[in-house]
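Taking it in order: structure first as structure tokens, then the write-up.
The values are calculated or read from the model by the stated rules, or taken from the named source; none is laboratory data. The structure displayed is predicted, hence computed values, not measured ones. Reconstructed Cβ throughout: ideal geometry from the backbone, glycine too, with neighbour counts over all protein chains shown. To get the accessible areas, we keep the full protein, side chains included, count just its heavy atoms, and leave off ligands, DNA and RNA. Shrake-Rupley method; radii C 1.70, N 1.55, O 1.52, S 1.80 Å.
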Amino acid sequence: MIIKIDERIHELMDTYSNEIENNDYSFFFEDLKTSILELAEEYISETYNNNYGLILDIEKQLSFSDAMCGYKAQMKKFIEDNQIVLVAKDISVDDINVSIDIPKKAIYAATGGTIVAVALCFAANVWIGLLAEIIALGYAYKVYNDTRKYALAIQMQQIMNEKKEVFINQIIADISDWYNKLSSKSDEILRTFNLSI
């Protein structure tokens, strides 16, 4: 699953490169959330199908397939209890901590002093701060590029690309953690039906 999501993240980065270039990550995250949930559903269906026939006792089979409390119902509840939420937050340009000087006045002019960062939230992990830095660096890049300060523009782009790589790695780590919890819950449920994992 993790290899698939890693590939999907890079595909989405390519698909939404224009939006990302214009500091709009909302479509990227909406599609990423959909992809995560689709892969989870695929995993749940595959696990269900691989194990249903292994249950020889009719009552246990009925319990396993029960729409209210069977395997799929319990996994659906796990996903509801551990929701992946799309979060939008307004962040003042003054509150963005970037490791390099950026042209804040120009960013104020372009944003009205506030950057809107949209990201996914897995429990306590929100990447909003890092995303706000990337967006600010994107605006700084545009300002320097438009004013023909190409050396500074290149520097902004390099830092922005480094931050994006950290950002992608954090996304993958958080998604991996979420999938590991999903898999652990699946194993726990399978054990209740005396199925080997």
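Packing order of peptides 107-115, 89-97, highest average first: 107-115, 89-97 (average count of other Cβ atoms within 10 Å over each peptide's residues).
Could you name the lysines in cross-link range of LYS104, using Cα to Cα under 29 Å and dropping any fewer than eight places away on the same chain? The reachable lysines, counting only those whose Cα sits under 29 Å from LYS104, are LYS89, LYS142, LYS149, LYS163, LYS164. In this structure the amide hydrogen of THR114, modeled in the peptide plane, comes within under 5 Å of the amide hydrogens of VAL93, none closer than 5 places in sequence on its chain.
Which one, [x] 1.07; [y] 1.05; [z] 1.14, gives Rg/Rh (Cα atoms, Kirkwood Rh) as derived from the coordinates shown? This structure yields the entry labelled [z].
Quick one: putting +1 on the C-beta of Lys and Arg, -1 on the C-beta of Asp and Glu, what dipole do you get for the chain around its Cα centre, in Debye to the nearest 20? List each step's numbers first, then the result.
Working: 18 positive and 30 negative charges, 81 e Å.
Once rounded to the nearest 20, the dipole reads 400 debye.
With a 1.4 Å probe and every protein chain kept in, tell me what percent of the accessible surface of segment 77-189 is carbon plus sulfur. Roughly 48 percent, rounded to a whole number. Take segment 8-88 with all the other protein chains still there, run a 1.4 Å probe, and you get 59 Å² of accessible area per residue. Between 0 and 90 degrees, the angle of helix 71-81 with respect to the longest Cα principal axis of the chain falls at about 30 degrees.
When ligands, DNA and RNA are left out and all protein chains stay put, how many square angstrom of accessible area per residue does segment 148-197 have with a 1.4 Å probe? Present the calculation step by step, with values, prior to reporting the outcome.
On the way: 2870 Å² over 50 residues.
It amounts to 57 Å² per residue over segment 148-197.
Compactness check for segment 1-61: Cα Rg over 2.2 N^0.38 Å is 1.67.
Other residues lying with their Cβ under 11 Å from the Cβ of TYR179 contribute a combined charge of +1, Lys and Arg counting +1, Asp and Glu -1.
When segment 115-197 is described by a simple charge dipole with +1 on each Lys and Arg Cβ and -1 on each Asp and Glu Cβ, the residue from ALA173, TRP127, SER183 located farthest towards its positive end is TRP127.
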